[in-house]
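Here, each number is a calculation from the coordinates, and none is a lab measurement. Worth saying up front: this structure is predicted, and the values here are computed from it rather than measured. For neighbour counting, all protein chains shown are included, and Cβ atoms are generated from backbone atoms with ideal geometry for every residue, glycine included.
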Ligand SMILES: [Zn+2]
């Protein structure tokens, strides 16, 4: 598991489980229905769940392969503070909008921002 993304990865894995269950149930309901409109509805819902799983899996793979940008929102103005891909704990960046300076830290497996004095 990649440093700094513990909670994000847990959330994504949990969402994969939900999408798996949704796909399974929709396939089951599709096969059990005698109404063509209902079968089509559940076919489309199962297809959407597969699409969601593919998208989530791509995010997980990008995180696990260190190909995912580390970003947080500035606590002062809400703008994105970008630490790039594969940053090191302790890296410092400035918010490009309000110029507040932050350090990237890690707490219990998650990246957090520490506001630094100007
Ligand atoms: Zn800012």
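Tell me the angle of helix 36-64 to the major Cα principal axis of the chain, expressed in degrees between 0 and 90 and rounded to the nearest ten. The angle comes out at about 30 degrees. Relative to the longest principal Cα axis of the chain, at what angle does helix 6-32 sit, 0 to 90 degrees, rounded to 10? Once rounded, the angle reads 10 degrees.
Over all Cα atoms in the chain, the spread is summed up by Rg and Dmax: 20.0, 67 Å.
The gain in end-to-end length when the residue 116 to residue 75 segment is fully stretched comes to 13.6 nm, 0.36 nm per residue minus the alpha carbon separation. The stretch between residue 12 and residue 59, if pulled fully straight at 0.36 nm per residue, gains 16.1 nm over its current Cα-Cα span. Extending 7 Å from the Cα toward the beta-carbon at both residue 50 and residue 3 defines two label points whose distance is 3.9 nm.
Per 10 Å bin, what is the whole-percent P(r) computed from every C-alpha pair distance within the stretch 69-115? Histogram of Cα-Cα distances, whole percents per bin: 30, 59, 11.
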